[in-house]
Each structure stands twice: as C-alpha cells, then as structure tokens.
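A quick write-up on the structure given underneath.
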Amino acid sequence: MTLSSIPLATSDLQISGGIRRSSTQICAPVMAETVDQMLLLMRKAKELGADLVEVRVDFLKNFSPRQDLEILIKQSPLPTLITYRPIWEGGQYDGDESQRQNALRLAVELGADYVDVELKVAHDFYNAIQGKKPEKVKIIVSSHNYQNTPSVEEIGDLVAKILSTGADIVKVATTALDIVDSARLFQVLVHSQVPMIGIVMGEKGLMSRILSAKFGGFLTFGSIEAGVISAPGQPTVTDLLDLYNFRQIGPDTKVHGVIGNPIGHSKSPHLYNGAFKSVNFNGIYLPLLVDNVANFLNTYSSPDFVGYSYTIPHKEAGFNCCDEIDPIAKEIGAISCMIRKPDGKLKGYNVDYLGAIAAIEEGLRASNGASNGSGSPLAGKLFVVMGAGGAGKALAFGGKEKGARVVVANRSYDKAKQLASKVGGEAISLAELENFHPEEGMILANTTSVGMKPKIENTPLPKHALKHYSLVFDAIYTPKLTRLLREAEESGATIVYGTEMFINQAFVQFEKFTGLPAPKQLIRDTLARNT
C-alpha cells in the first residue's frame, strides 16, 4: 500500500503571522489531580495557542461529577472535550462502569463541547441518552489500539463500525511499529466523509500528529508541557505551532525530512522549518525515524513527499534507492540529500563533503592567516579520516579532491582498506591510530558517532595522541563541543565544529528543496539558539 496523491481542498484561512491552510485544531490534554490545577492548565493551554482542551477527569482524585464538571465546563477559557478514560482503554479509571457513563451523560447535559465515548460502550451510551443531546454537544466515539496499526481495510471497517453508533466525530488511535504505519491511517483520513481524528501513537508515529493538518484530520493533540503526555509520541503545543508551523500546513504542503535512526537529536527540523517560514515556502520538514529506507520511499511515493536529508545509518541505503545519482555522490557511494523530481524520479546528492571540506578549509585559513586566493590549504597535508561510513567516504573523497594525502582509520580494517584504495590513500585500524604520527601538523576528521549525545564522555582518540594534529574536525554537532574537540583545543590544535559542516550543507540543501536562495543568517542564528 502506498500513499498516493491527495484529493483534498481546503480554503485558506487568514491567521496572524500568515495563511492558515487547514481547519485542523490543536487539542491540549489536561491531566491533574484537582479541579484548581486543571483550571490553571486550561489557562496555560490557551496562552500557548491551543484551540480546545481535553479534560481527562480520570486523573482527578476525589472526583465529584456534578460539582467538578460544572466548574470545569463553565470556567474553561477554551472549548472542552470531556474524557473519562477507563483502564481497559489505556486510562486511569478503574471503578464502576455505570457510574463512569453517568458522569459522561452529565457532561453532555452540562453542555461540554465534545464528549469522548469508547466504541466498546457507545451503543449503551446512546441508548441511555435516548437522543437527548444539546445540538452543540458533539460525541466523539473512539477506538485505541496499543498493539499495532491494522490494514487500510480493517481501519475502514472500524470507521464504519464507529459511524454506525451515531458518532458525530470518529477517533481512531493506533500504534506505530514502523514509520510506514502512518500511511495507512492517512489513506483513510483523507477519504473520510465525516470529521475524523486519526493518530498513530509512538515515536515512529510522530508524522501522523503533524501531517493530520495536511490530510484533513479534525484535530491533533499537543501536550502543555514536554514529557507530560496523555499518549506516547505526543509533541507539545509549542512544538506544533513554533517548530512545525502547524497552522501553515495544508493539503498542498510539500513534505521533507531527515531520515535516520536514531533521529531525536536532530536539529534539522529547527533549521528548515524556520527557513521555510521566513520565505513563505509551503513546506514542512520532519524527523523521520526510519528502519527500512526502501520501504519508506515506496510507501510515501506521492508527489508531495519531495525531499530528504540522510544521516546515520542510512546514507548508503539511500544511495541504493536512487533512480539518478550526482557524479560525486556516485564516486563516494553514499548520499546525504535526495530530491523527488517532477517526473517522480529520486535523485541523490552528497552535500556532506561540500559542507565539511569548506569548514576545514576555513579553519586552516583562519589559523594560518591565509587568504582565499591560492589553492586549497588542505593540498599536500596528511589528512586522517576516522570512520569509513557515509560521512567518512565523503570526507575522504573531498580530501582527495583538494590534494590531501588521505589516511582512513576504521574499526574494521577491511572497510578502511576498501575506502583508502578508492582515494589512493593509506588504511589503518582505529586501534593503531593512537600511536600513528609519521609527521607533525596532521589534520584529523572524526566521522564516527563516538562522543555523540547521550554518551558525551566518550572520545574516539585519547588526548595524548592529539598533540600531533594542527586541526581537528568532529562531524558530531550534539554536543557542539565534544570531548574530542575540547581535548584537541587543550592540546593546541585549531578546532572545527560539526555545526560548521551542518550549516554549510544546510545552505545547499535548502536551495535544492525550495529553488530559493538560503536565508543564511537566519539558519546560522537558529542553529546557535538550538545547540
């Protein structure tokens, strides 16, 4: 099953700060033990920019339905969705079922804007209210699957079953075992003739929460505070609005993202989404936690899924999925950027080497006081590249192109030898690197993940070995100052941050994604704020 193009049209709505491209609302779950705490959270949700609040009364201690619901519904500064989730549907309530349903009927009576009723008991609930429901109160009939995401057919059947109860709004929440699971829900969501909430829970389902605005979801959920979530994988209201520009996402929004595993550390969404917004480009950039690249690309094959950055460990897998490959990327054997051309073909580029080599050259020129004029300052230098993966290949080829003498050091000597032979260089194992110093003033580039968050105390090379290098570059940019760079600086070397490589290649990718000049200062400022 693949996600084909989207037959959806929504009129643009004006909002402050630009065009609002969809009517999908942001709902902030409110979870607290007392009514007073809930009212405080409701006010906070309004300040943050949420459209409505989900009042999770199953979290209240000593809940007195009539008294508490009246206060919560009447005093809420935002429209209310009342949810009293039982333990058997992933909630907190573990008491008498008839009392729970009585409280939900009371919420209807008291004029809550929305009331959530689980599919399992929806028929009983509707029989009990016997059509006595204020017109403004909408019933959401919900189904939560904490195991997996069923097939499109099964989700379609589930929606039909929910509709047969008399639901005003359908809610289907499933669980992502793989990022492609969201596509099945999108397929149903985009063709739904009734208001529908479709969410795929878990980190691998994050895109379902953000792209609900593209595929016509009735609402998405955003937490008031980071980490205080009502379901796995929930972003914050602030991230939805400020990081993902949720109000500007609509049916025609072009989807981009960074493909990697892990991906939570990536700063790319901050850079590209801010830059897209600054030039009014109708695009979104997502962190994409991908297990299988070919499966991802085959599933999201619609013309609106247009551009990707590639990071560890998928640069070579991305290369193998290209229909066309830029000559330099072909030589390197790995890509860091992929564009879907208008004819649907996927073209791969390697912009890592451009970003990294430019950053190293700038560092060398600054330390030597040299101008940009005469050739590359890397020419003739002994250039040691640690790691022989995608980024290692990019640096080795880049070094060769600039006239450096390349040495590849890798955990697996065979892999180092393979790469070294392609660039006319020398190969050694990482273990040998500690005592490798045929000359002084060498250049070192680390492309391994040793020292990356969360294991920031690790370093790929002991401090005593660093005194033989005049410049050390680390491709890692979280943290910005790795232990390797800190110790290199203490040993007297010029250091070049991974953020410089990241910035330089971000400029190139932005232009490939949008066809517009990169807002360079904005991208620099955004990265400085987020590292």
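Key figures
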{"quantity": "Peptide ranges 149-155, 233-239 listed from the most packed, as the mean C-beta count within 10 angstrom indicates", "calculated": "233-239, 149-155"}
{"quantity": "Greater than 21 Å apart at Cα, pairs in Lys267/Lys422; Lys277/Lys453; Lys453/Lys480; Lys267/Lys453; Lys44/Lys74; Lys315/Lys341", "calculated": "Lys267/Lys422; Lys277/Lys453"}
{"quantity": "Rounded to whole Hz, the Karplus (6.51, -1.76, 1.60) HN-Hα couplings of segment 145-157, x for glycine and proline", "calculated": "10, 8, 9, 6, 10, x, 5, 4, 4, 5, 5, x, 5"}
{"quantity": "Apportionment of accessible area to carbon and sulfur, the chain, percent (1.4 Å)", "calculated": "49"}
{"quantity": "Backbone N under 19 Å from the Ser301 label point (7 Å along Cα→Cβ), restricted to segment 186-221", "calculated": "186-188"}
{"quantity": "Cβ-placed point charges (K, R +1; D, E -1), dipole of the chain about Cα centre in debye, nearest 20", "calculated": "840"}
{"quantity": "Lys463 - accessible surface, heavy atoms, 1.4 Å probe, Å² rounded to 10", "calculated": "80"}
{"quantity": "Nearest-0.05 FRET efficiency for Thr531 and Asn435, computed from C-beta distance (R0 30 Å)", "calculated": "0.35"}
{"quantity": "Among 266-273, 39-46, 479-486, the order from most to least packed when residues are scored by Cβ within 10 Å on average", "calculated": "266-273, 479-486, 39-46"}
{"quantity": "Positive-end residue of Val406, His437, Leu481, charge dipole of segment 405-485 with Cβ unit charges", "calculated": "Leu481"}
{"quantity": "Computed over the chain: relative contact order in percent, which uses C-alpha pairs under 8 Å that are six or more apart", "calculated": "10"}
{"quantity": "Three-way shape label, segment 23-241, alpha-carbon gyration tensor, a/c 1.5", "calculated": "oblate"}
{"quantity": "Accessible area expressed per residue, segment 23-241, with surrounding protein chains retained (probe 1.4 Å, Å²)", "calculated": "39"}
{"quantity": "Total formal charge among the other residues, if their Cβ is under 12 angstrom from that of Pro479, Lys/Arg +1 and Asp/Glu -1", "calculated": "+4"}
{"quantity": "Correct option for volume of the Cα convex hull per residue in Å³ [calculated from the coordinates] among (1) 160; (2) 269; (3) 147", "calculated": "(1)"}
{"quantity": "FRET efficiency, 1/(1 + (r/R0)^6) with R0 22 Å, evaluated for Ile87 and Asn62 via beta carbons", "calculated": "0.75"}
{"quantity": "Amide proton proximity set for Leu286, modelled H, under 5 Å, gap of 5+", "calculated": "His256, Gly257, Val258"}
{"quantity": "FRET efficiency estimate (nearest 0.05) - Cβ-Cβ, Leu481 to Arg365, R0 22 angstrom", "calculated": "0.55"}
{"quantity": "Mean separation of Cα contacts under 8 Å (6+ apart) over length of segment 192-341, as relative contact order %", "calculated": "19"}
{"quantity": "Between helix 181-191 and the chain: long-axis angle, C-alpha atoms, 0 to 90°, nearest 10", "calculated": "50"}
{"quantity": "Protection-proxy order for peptides 392-404, 335-347, each taking the mean of Cβ atoms within 10 Å per residue, highest first", "calculated": "392-404, 335-347"}
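The values are calculated or read from the model by the stated rules, or taken from the named source; none is laboratory data. Everything numeric in this text was worked out from a predicted model, so none of it was measured. Cβ sites come from the backbone with ideal geometry, for glycine too, and all protein chains shown count toward neighbours. Ligands, DNA and RNA are stripped out before the accessible areas are found, and what is left, the full protein with its side chains, is counted by its heavy atoms. Shrake-Rupley method; radii C 1.70, N 1.55, O 1.52, S 1.80 Å.
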